[in-house]
Amino acid sequence: MAYGSPASRALYARAPAWLRSLGATWHSLRVERQRFGPGYGDALARLDRSQWLPTADLVEASRREAAAFLADAVRQADHFAALFPAGAPADPAAAPILAKSDLRRNLPGFYARDAATHGATTLRHTSGTTGTPLELLTLVSAVERENAFAWQHRSWHGCPRGVRTATLAGHPVAPAEQDRPPFWVRNYAENQLIFSSYHMAPRHLPAYAKALARFDPELIHGYPSSVALVASAALEAGLRIRPRAVITASETLLPHQREVIAAAFGVPPRVWYGNTELAGNIVECPEGRLHVREEHSWLEFLDDAGGAAAAGQPARLIATAFGNRAMFLVRYDTADLAVPSAEAACPCGRGGRLVERVVGRVEDFVIDAAGRLVGRLDHLFKDATGIREAQLVQTEPGAIVVRVVPEGEPGPDLEAPVRAEAALRLAPGTRIAFEYVAALEKLPSGKTPFIVSRCREAAGDRARLAGPAAAADGGAADGAPPVR
Ligand SMILES: [Zn+2]
């Protein structure tokens, strides 16, 4: 695969498709032990039982695990030893909230001194848009555990491990300069076709759709932006692709993406929320509800004042990631926002607090003419037609460029519904301009940010919302995908 040394990448770039697929398969077999070793099966068996437990029991157990994790942190990590010289508090909520910039300042201070006694470790990297990626010391068993959560979720939707899987995420499986298909490789070890997210120019999309139809996947998963693009190409070409499930991750699933994916593939897309830090997991069940996986991490939903957030209100997601005993992320600010639900239980019968929606990154906000931070702007597109993809670009407060990849020639009715919605949500005087493009701006990770902001420093309020740290971070939009 294109992950190795410069020399092996150069070889890969010149290799024919069949050889690349062999390389991808070899790579997969090599890392398989890190993904599906004994920790995988153990975790899956535990989860199969615990998923049906009552929510109150699950939350209580999660809180107890967080308390034990904090006690270990005080004994085994310099950062926490300095915080609590007299010993760990019984209540994990007594620990201060941890921002990504705290980690950046003193990363080794969060590593467990006794990590090696808990098994093999590996270093995982966050994929920030700015700043150096963080090196996260991670137990191999924690990676296996994460995969157990992922495959259990897929099995809820009829897709246990081993089903024919198409992955459309940030995998660099074709060299950037390549201009002809195939932009995908077969991974025979995992019965998987892996597509590049980096080559989805309009002229290549029909080839993507055809390759997907030929592969005839049982499961499609990946970034919603990538899946939606191929979905619209499949619709245009009249291709019939009928997977059992479509699962999206790593970006907020927007309403127009949900629509085109459901229309193309005959099933509604389901959400997986997770992150590279292994801090929090929220997943959509077959009843269309988002469940907090309480067994995964201890998750708190906090309002701006630091109290428990009310149902129906956007809340900061704070996670204690006790699944990885090699590094202590206690009350870690994920910089993601979610809206807790007022519903107490799900008709599917599974436990876990319910979430109305994962709103997205704290960064997913614009500054209107009144200087307010406004989020949830995917609503701008709820009545729009003729839009294949959209992105909001802000270079100065109070002005927004709506960048659109139109479906065919942009019609005269395209802009009006978007402007009408914007007028409802943004302060008077906020300028809206449209820009028509062939493709949207992407991050190095291959993700497509919904909001591209070039005026973050103007967001004085943002510091309050995101914590002073995130602002200083330049708003690094990490959370590289646990999409494999
Ligand atoms: Zn449910």
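The values are calculated or read from the model by the stated rules, or taken from the named source; none is laboratory data. Just so it is clear, the structure is predicted and the values come from calculations on it, not from any experiment. Positions of Cβ are backbone-derived with ideal geometry, glycine not excepted, and every protein chain shown enters the neighbour counts. Accessible surface areas use protein heavy atoms only, side chains included; no ligands, DNA or RNA. Shrake-Rupley method; radii C 1.70, N 1.55, O 1.52, S 1.80 Å.
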- prompt: Within the stretch 12-34, how many residues are surrounded by fewer than 18 Cβ atoms within 10 Å (Cβ to Cβ) and either of a type outside the set (Gly, Ala, Ser) or at pLDDT below 85 (or both)?
  reply: 14
message: Any residue at all in the stretch 269-279 that's open to solvent by 40 Å² or more (accessible area, probe 1.4 Å), of a type in the set (Asp, Glu) and modelled with pLDDT of 90 or more?
response: no
query: Is it the case that some residue within the stretch 69-89 is modelled with pLDDT of 90 or more and under 25 Å from the mean Cα position of the chain (by Cα)?
result: yes
Qualifying positions in the stretch 233-250 - in a strand (DSSP E or B) and of a type outside the set (Val, Ile, Thr): ALA245, ALA249
- prompt: If only one of GLY398, GLY408 is in contact (Cβ under 8 Å) with a residue 24 or more places away in the chain, more than 16 Å from the ligand (Cβ to nearest atom) and at positive phi, which one is it?
  reply: GLY398
message: The conditions are (1) closer than 17 Å to ALA319 by Cβ; (2) surrounded by 18 or more Cβ atoms within 10 Å (Cβ to Cβ), and PRO96 fails exactly one of them. Which is it?
response: (2)
- request: Go through the stretch 79-107 and give me each residue that's farther than 20 Å from ASP333 by Cβ and not in a loop (DSSP other than H, G, I, E, B).
  value: ALA81
message: Cβ-Cβ under 7 Å, sequence separation 6+ or interchain: first residue in the stretch 79-94 and within 23 Å of GLU60 (Cα to Cα), partner open to solvent by 40 Å² or more (accessible area, probe 1.4 Å). Which pairs?
response: PRO92/ARG63
message: So, in the stretch 354-363, how many residues would count as being touching a Lys or Arg at 6+ places or on another chain (Cβ under 7 Å) and away from the ligand (no atom under 16 Å from the Cβ)?
response: 1
- prompt: Taking the stretch 55-66, which residues are more than 21 Å from SER141 (Cα to Cα) and open to solvent by less than 70 Å² (accessible area, probe 1.4 Å)?
  reply: THR55, LEU58, VAL59
field: Positions within the stretch 39-54 being closer than 16 Å to GLY323 by Cα and surrounded by 15 or more Cβ atoms within 10 Å (Cβ to Cβ), in sequence order
entry: GLY39, TYR40, ALA43, LEU44, LEU47, SER50
- prompt: Taking the stated definitions as given, is ALA311 in the same structural domain as ALA142 (by TED's automatic domain parsing) and either farther than 29 Å from ALA71 by Cα or among the hydroxyl-bearing types (Ser, Thr, Tyr) (or both)?
  reply: yes
task: Return the total of residues in the stretch 203-223 being small (Gly, Ala, Ser) and farther than 14 Å from ALA233 by Cβ.
output: 1
- request: Scan the stretch 413-438 and report the pairs whose first residue is open to solvent by less than 40 Å² (accessible area, probe 1.4 Å) and whose second residue is among the polar types (S, T, N, Q), with Cβ atoms within less than 8 Å and a gap of 6+ or a chain change.
  value: LEU414/THR385; PRO417/THR385; ALA422/THR430
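Conditions (1) surrounded by fewer than 22 Cβ atoms within 10 Å (Cβ to Cβ); (2) modelled with pLDDT under 90, marked per residue:
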{"position": "ALA309", "(1), (2)": "yes, no"}
{"position": "ALA319", "(1), (2)": "no, no"}
{"position": "VAL330", "(1), (2)": "no, no"}
{"position": "SER341", "(1), (2)": "yes, no"}
{"position": "ARG372", "(1), (2)": "yes, yes"}
{"position": "LEU380", "(1), (2)": "no, yes"}
{"position": "ARG388", "(1), (2)": "yes, yes"}
{"position": "GLN391", "(1), (2)": "yes, no"}
